[in-house]
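The values are calculated or read from the model by the stated rules, or taken from the named source; none is laboratory data. Model, not experiment: these values are computed from the prediction. Counting neighbours? That spans all protein chains shown, and the Cβs are built from the backbone with ideal geometry, glycine included. The area values use the complete protein model at the heavy-atom level, side chains included, leaving out ligands, DNA and RNA. Shrake-Rupley method; radii C 1.70, N 1.55, O 1.52, S 1.80 Å.
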Amino acid sequence: MSEGPSTGPAAIDAGFVRRWLAAAASVIEREADRLTELDSPIGDADHGANMRRGFIAARTAVEKEPPDTPGGVLVLVGRQLISTVGGASGPLYGTLLRKAGKALGDAEHVTPEQFAAALGAGVDAVATLGGAAPGDKTMVDALAPAVEALSFALDKGAGLAEALSAAAMAAEEGAIATTPLVAHKGRASYLGERSVGHQDPGATSSALLLGVLAMTSRGDAG
Ligand code: ADP
Ligand code: MG
């Protein structure tokens with residue numbers, strides 16, 4: 001967060017996005033085993049390992065040459081996820097972040113509304129790439145409600161931290177709500193009805209990433 005005179009107290013800068021993604025790498029490392037366990041009954045038991053590999057590579061790349069714009073950080077991290085993660089989740093998360101980063105362009109500070117719109121564009125790109133709609137038991141079930149809650153809260157006049165908390169809560173609820181669903185996309189869809197009763201691993205990692213984003217905005221990530 002930064003208090004640039006022309007952009008207001010709620011402006012988001014490169015440091016904010018770097019802190020988010022560094023904290024995300026730590027949380028993913030901590031939660032990797034759980035993500036892989038969720039990917040066992042309805043996948044191939046690699047989601048935690050995929051995410052860990054991708055986020056460690058991303059953190060290393062950002063530390064080596066820290067981009068000085070929010071968009072630059074997002075594009076770099078997205079590129080790392082695409083190039084280092086073999087599973088479906090790499091290109092999907094990579095596309096989300098790259099698209100969001102490109103939407104922000106080379107602005108040094110962006111408003112919460114611009115950030116929300118960029119995340120929305122990223123989630124739209126994920127849905128287009130993966131062909132998944134809400135209800136298909138994928139990461140979109142956490143991401144779509146999160147960006148909706150974020151925009152809704154900002155529209156109502158909430159500050160960034162409050163709006164991101166609402167987004168994180170919506171993502172968590174969306175992830176939990178995947179349990180009774182039949183998977184229609186990704187590996188889990190091969191199981192048909194047998195995918196019922198298991199929480200989707202990608203929706204779960206999405207909820208983790210949104211949770212860390214909310215923590216970062218409250219200043220207590222890490
Ligand atoms: P893989 O399925 O290739 O092993 P991962 O295990 O890393 O890749 O990621 C699996 C997660 O990716 C799923 O739980 C789901 O949330 C997400 N996913 C898979 N396919 C799609 C898709 N077509 N659209 C959106 N999300 C998808
Ligand atoms: Mg997998």
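Take GLU29 and tell me if it is within 16 Å of ligand 1 (Cβ to nearest atom), over 22 Å from ALA146 (Cα atoms) and assigned to a helix (DSSP H, G or I). Please lay out each step first, then the result.
Working: within 16 Å of ligand 1 (Cβ to nearest atom): yes; over 22 Å from ALA146 (Cα atoms): yes; assigned to a helix (DSSP H, G or I): yes.
Yes.
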Check: Taking segment 115-133, which residues are without any contact (Cβ under 8 Å) to a residue 12 or more places away in the chain and touching a helix residue (DSSP H, G or I) at 6+ places or on another chain (Cβ under 7 Å)?
Finding: ALA133
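If we only count helices (runs of 4 or more DSSP H) wholly inside segment 64-134, which ones have 3 or more residues that are more than 16 Å from ligand 2 (Cβ to nearest atom), closer than 23 Å to ASP44 by Cβ and more than 16 Å from the chain's Cα centre (by Cα)?
Values: elements: 70-84, 89-104, 112-130.
Result: empty, no element qualifies.
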Check: How about segment 176-203: which of its residues are within 16 Å of ligand 2 (Cβ to nearest atom), assigned to a helix (DSSP H, G or I) and open to solvent by less than 40 Å² (accessible area, probe 1.4 Å)?
Finding: ALA188, SER189, SER195, PRO201, GLY202, ALA203
Notebook entry, point to check: Which residue pairs have Cβ atoms under 6 Å apart, sit 6 or more places apart or on different chains, and have a first residue in segment 168-179 that is farther than 14 Å from PHE152 by Cβ and a second that is at pLDDT 95 or above and of a type in the set (S, T, N, Q)?
Noted result: ALA175/THR204; THR178/GLN199; THR179/GLN199
Notebook entry, point to check: Does segment 151-170 include one or more residues that are farther than 23 Å from ALA11 by Cβ, part of a helix (DSSP H, G or I) and not hydroxyl-bearing (Ser, Thr, Tyr)?
Noted result: yes
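Answer with yes or no whether ALA158 is open to solvent by less than 40 Å² (accessible area, probe 1.4 Å) and either in contact (Cβ under 8 Å) with a residue 12 or more places away in the chain or among the acidic types (Asp, Glu) (or both). Reasoning before the result, please.
Working: open to solvent by less than 40 Å² (accessible area, probe 1.4 Å): yes; either in contact (Cβ under 8 Å) with a residue 12 or more places away in the chain or among the acidic types (Asp, Glu) (or both): no.
Judged against the criteria, ALA158 is not a match.
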Note to self: Against the conditions (1) open to solvent by 40 Å² or more (accessible area, probe 1.4 Å); (2) away from ligand 1 (no atom under 16 Å from the Cβ); (3) at pLDDT below 95, where does ARG59 fall short? Just the number, please.
What the structure shows: (3)
Notebook entry, point to check: Out of segment 25-41, which residues are buried (at least 17 other Cβ atoms within 10 Å of the Cβ) and of a type in the set (Gly, Ala, Ser)?
Noted result: ALA25, ALA32
Check: Could we say that ALA88 is over 25 Å from PRO145 (Cα atoms), surrounded by fewer than 24 Cβ atoms within 10 Å (Cβ to Cβ) and either among the aliphatic types (A, V, I, L, M) or in contact (Cβ under 8 Å) with a residue 60 or more places away in the chain (or both) here?
Finding: no
Checklist line | The lone exception for GLU148 - which of (1) of a type outside the set (Gly, Ala, Ser); (2) more than 25 Å from GLY86 (Cβ to Cβ); (3) crowded, with 21+ Cβ neighbours inside 10 Å it fails | finding: (3)
Next item on the list: Of the numbered conditions (1) surrounded by fewer than 22 Cβ atoms within 10 Å (Cβ to Cβ); (2) of a type in the set (A, V, I, L, M, F, W, C); (3) touching a Lys or Arg at 6+ places or on another chain (Cβ under 7 Å), ALA132 fails exactly one; give the number of that condition.
Entry: (1)
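Assess whether ALA144 counts as being under 17 Å from THR95 (Cβ atoms), within 12 Å of ligand 1 (Cβ to nearest atom) and not in a loop (DSSP other than H, G, I, E, B).
Numbers: under 17 Å from THR95 (Cβ atoms): yes; within 12 Å of ligand 1 (Cβ to nearest atom): yes; not in a loop (DSSP other than H, G, I, E, B): yes.
It is true that ALA144 is under 17 Å from THR95 (Cβ atoms), within 12 Å of ligand 1 (Cβ to nearest atom) and not in a loop (DSSP other than H, G, I, E, B).
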